[in-house]
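Working notes, structure below.
What follows draws every value from the coordinates through simple rules; no lab data is involved. What you see is a predicted model, and the numbers here were worked out from it, not measured in a lab. Cβ atoms come from the backbone with ideal geometry, glycine included; neighbour counts cover every protein chain shown.
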Ligand SMILES: [K+]
Ligand SMILES: [K+]
């Protein structure tokens, strides 16, 4: 199941859109700065989850619940597809150098 | 290994049941609100794990240990299957639009 | 790649051994209770990572670095294999009931 | 998709390089000790994400955002490949002992 360049671009676009959507959502609900909102979403969607820089209100908690419920599978699948693609590119360019 | 619609529905049901079971369990053991109990379980089962809104008693810790030991594999596998299915649906609908 | 019952038992054994090793390690290094040591290891190996019930000394940090470096891949792979097996068992028993 | 020993070595090298790069980056930006910088990166790249031993400045947050965005897929894919390889080695050596 090698990915084509077109598929990789679409997956990267999906990831980007998902990140922007979450960042704007947190900013609108919690009034946090752009950097803290983006940081919060990256930390959440990657499931790193340090202590949060943005303390969530009840509305923020509900947003995060739906965000994770609907988006985490997409995020995880997309990131692992991209990771697989990057590792394969690196390996094949290493092979070519020989 | 394309999933059929029937399989996707069963996997989604498994996920829902697992989430409800955990939420009710935390609420019974810790007496936390429905929102905080659900939030705690979503944050736990997705492995995001921010600082917990519900401070766990010893019984709560034992519940979470068993919940993760028995359920995390099911949860992770189900979420990745759903994510794969959603990404594929999106990709094929993009292809059809051409 | 269906797993045989023998493989599933060996994977479960690997997981159990890995959990016991970590629990004993944390207890020896930090002097924490059995429950807190086990809870710490389950929270760590599943990558949930709430704020830790055991505050780690430098030796504890070094132990966790090696524990994750060497063990996380084994843990993640084993848990996903078990999850896959459980979901398949449930699905096939659902099919048989029809 | 069995991995060859050469592939396993390259994947391990990729993981090592990625860990060193992150540790040096955090140390340069935050001025934290080598142990705390390494611990921070291991906790982050494995997505365990306890409360961070290094409190991040805005530059640190930006570094972590890019580190996760570009590196997490590589890290996750590499760790799961290594885990798969270790589990298979263990299983086949168990089989040989019979
Ligand atoms: K986490
Ligand atoms: K955390």
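Here are the numbers for this structure:
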| read-out | value |
| --- | --- |
| Least to most buried among A:67, C:50 (fewest other Cβ within 10 Å first) | A:67, C:50 |
| Nm distances between copies for residue B:35, ranked from closest, using label points 7 Å along Cα→Cβ | 3.0, 3.0, 4.2 |
| Region B:1-57 - Debye-derived log10 I(q)/I(0), Cα point model, q = 0.12 Å⁻¹ | -0.35 |
| Square roots of five times the Cα gyration tensor eigenvalues for the protein assembly as shown, Å | 27, 26, 26 |
| Shortest-first distances to equivalent copies, position residue A:4, nm, label 7 Å out along Cβ | 2.9, 2.9, 4.1 |
| Label distances, nm, residue B:53 versus same residue in remaining copies, Cβ-directed 7 Å point | 2.2, 2.2, 3.1 |
| Number of partner chain Cβ atoms within 10 Å, mean per residue of D:81-90 | 5 |
| Choice from B:57, B:32, B:78 showing the highest fluctuation, given a GNM over chain B with Cα pairs closer than 10 Å | B:57 |
| Base-10 log of normalised Debye intensity for region C:5-97 (one unit scatterer per alpha-carbon) at q = 0.16, 0.20 Å⁻¹ | -0.68, -0.93 |
| Helix-derived mean residue ellipticity, 222 nm - over chain A, DSSP H n ≥ 4, -39500 (n - 2.57), to 500 | -28500 deg cm²/dmol |
